[in-house]
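Peer 1: What follows is a single structure, and I will ask about it in a moment.
Read-outs throughout are calculated quantities, based only on the coordinates presented, and are distinct from any laboratory measurement. Predicted, not measured: the structure shown is a model, and the values here were computed from it. Don't worry about glycine lacking a Cβ; one is built from the backbone with ideal geometry, like all the others, and counts go over all protein chains shown.
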Amino acid sequence: MDDSAERLPNGVHSTVTGGPDTVLIVVRGPSGAGKSSTAARLRAAYGRGVAVVGQDVLRRDVLRERDVAGGANIGLIDVVAQHALDHGFHVVVEGILAADRYGRMLARLAADHRGRSFLYYLDVDFEETVRRHATRPLAAEVSPEQMAGWYQAHDVLPGGLEHVISRHSTLDDTVGRILADTGLAPPGRAPRP
């Protein structure tokens, strides 16, 4: 990052990032909505050249930090996404990424990106998140009561920045829509090496 970058609270920086051909995708939503599965399927559809920046990986595994306002993971997500974009990777940032804590960073990341940016919110009600969560290995560690403490209904970013995907969209439908919107894997194009 050069000296002209503006340093913001929480380690978030403002600087032009990525290239004209890079694609930034943000997939947000409640726990159990299908964000990680969507990110994995997007990468699988495209092949090498897609970096998945998972909030849980950076916050829980790397930093072992609780999800709090002003957390160090906010800036780390920003820096990792920028670094990958600057090195020619397409990037999928995925996580709950609550609007009140992560919204400013995500809006700035998208605005600073030289390529195309697409933000999605998986709008899944609490009952459906619990149903989906029960199918994951994490269900043995996290109860529906704990999930209720994290759940925020329709937590979309302000300003109409996101495409809202309803709970009725299947994983295949969601991935297909994002691939079509972004042109990330157009027909006839070979995956990046």
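Peer 1: In nm, to one decimal, how far is the HIS83 label point from the ASP61 one, both placed 7 Å along Cα→Cβ?
Peer 2: The answer from the label model is 1.5 nm.
Peer 1: Taking 0.36 nm per residue of separation and subtracting the Cα-Cα distance, what length does fully extending THR135 through ALA69 add?
Peer 2: 20.8 nm
Peer 1: Compute the distance from the alpha-carbon center of the stretch 141-163 to that of the stretch 45-90, in whole Å.
Peer 2: 19
Peer 1: Quick one: putting +1 on the C-beta of Lys and Arg, -1 on the C-beta of Asp and Glu, what dipole do you get for the chain around its Cα centre, in Debye to the nearest 20?
Peer 2: My answer is approximately 440 debye.
Peer 1: Magnitude of the Cβ-charge dipole of the stretch 69-115, K/R +1 and D/E -1, about the Cα centre, nearest 20 debye?
Peer 2: 100
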